[in-house]
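Scroll down for the structure; my scribbles are underneath it.
The values are calculated or read from the model by the stated rules, or taken from the named source; none is laboratory data. Remember, it's a predicted structure, so these values are computed and weren't measured experimentally. No Cβ is skipped: glycine too gets one built from the backbone with ideal geometry, and neighbour counts run over all protein chains shown.
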Amino acid sequence: MEGEGRVWDERHVQSLHFAETNQPPSTSQEQSLVARKPRIGILGTGNMALALGKSFMAAGHFVAFGSRRPETKNDFHDSVGHESRIWGYQAAIDAGEIVIITVPYKDVAATARKFAESLRTKIVIDITNPFAAQPNNGDSGAQVTASIIGEGARVIAAFKTNFAATFENPVDSTGKPREVHYAGDDEAAMEVVAELIRGIGFTPIECGTLAEAVALDHMVPLMIRLDTTEHSAQHLSSWRITPG
């Protein structure tokens, strides 16, 4: 399969000679991520995964997609591009310096728990939205993800308030870059994610800590409702914070 450029599984990640470590990156390594284009592993193959993956690949990042059943994704490369790579979850995590979780929210806890040890050594971006499954204790969805990964987790909530269709055009109808709202507790990881956002043509808007990311969770149902009532559910609208 490797020679045919089709679906890859966990065994093939070894051929890329990625250095594996059980230790989180040092400060100098984090600074290096800001200065260059880090490798990205994306867990999931839905609309948001594909949209983000295409954007990052176009910006020059290596992107590995993770699927529970990569052997069933024989048409995947036609959708994403023939330079894309699709493996199982573990291989995609190993391949990425940054891991983006895009699986349905109902599957996030089990995924984070199963791969917690590996995720603990990565910057993890949680784009998932709880909707009706919002924790009733006031925690944000990303807080729950971080708590499952455990001590040392560096989880950033981001890309929650963006429709998949908008990644094809990061500039909105006003001629200005669209915004990506993000929140987290790790300052170095926040800087890396902000640069990642800028690199695909969006404007990063820092929204506080992971606890405060609960506001982003609640913005999403409202965003969908307004897009439906005001813009015929085209999913091309986006939030913008403007000066008074």
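Among the conditions (1) over 25 Å from residue 96 (Cα atoms); (2) crowded, with 23+ Cβ neighbours inside 10 Å, the only one that residue 128 does not satisfy is (1). Checked against the criterion of being touching a Lys or Arg at 6+ places or on another chain (Cβ under 7 Å), more than 21 Å from residue 36 (Cα to Cα) and not basic (Lys, Arg), the candidates 166, 161, 209 yield just one match: 166. Considering the conditions (1) in contact (Cβ under 8 Å) with a residue 24 or more places away in the chain; (2) over 18 Å from residue 236 (Cα atoms); (3) within 15 Å of the chain's Cα centre (by Cα), residue 202 is excluded by exactly one of them, (2). Within the stretch 98-142, being closer than 18 Å to residue 189 by Cα, among the β-branched types (Val, Ile, Thr) and in contact with a Leu (Cβ under 9 Å, 6 or more places away or on another chain) holds for 98, 99, 100, 101, 123, 125, 127. Quick check: anything in the stretch 81-93 within 22 Å of residue 200 (Cβ to Cβ) and either part of a helix (DSSP H, G or I) or at pLDDT 95 or above (or both)? Checked the stretch 81-93: at least one residue is within 22 Å of residue 200 (Cβ to Cβ) and either part of a helix (DSSP H, G or I) or at pLDDT 95 or above (or both).
Per the conditions (1) assigned to a helix (DSSP H, G or I); (2) without any contact (Cβ under 8 Å) to a residue 40 or more places away in the chain; (3) of a type in the set (Gly, Ala, Ser); (4) surrounded by fewer than 19 Cβ atoms within 10 Å (Cβ to Cβ), the sole criterion not satisfied by residue 112 is (4).
At least 3 residues that are at pLDDT 95 or above and farther than 26 Å from residue 80 by Cα in each: list the strands (runs of 3 or more DSSP E) lying fully within the stretch 131-244 that qualify.
Numbers: elements: 154-158, 179-184, 203-206.
Output list is empty.
The number of residues in the stretch 50-75 being in a helix (DSSP H, G or I) and more than 27 Å from residue 198 (Cα to Cα) comes to 3. Each residue in the stretch 152-179 was checked for being surrounded by fewer than 17 Cβ atoms within 10 Å (Cβ to Cβ) and on the phi > 0 side of the Ramachandran plot, and 2 of them qualify.
The single condition from (1) modelled with pLDDT under 95; (2) closer than 23 Å to residue 178 by Cβ; (3) of a type outside the set (D, E, K, R) that residue 55 fails is (1).
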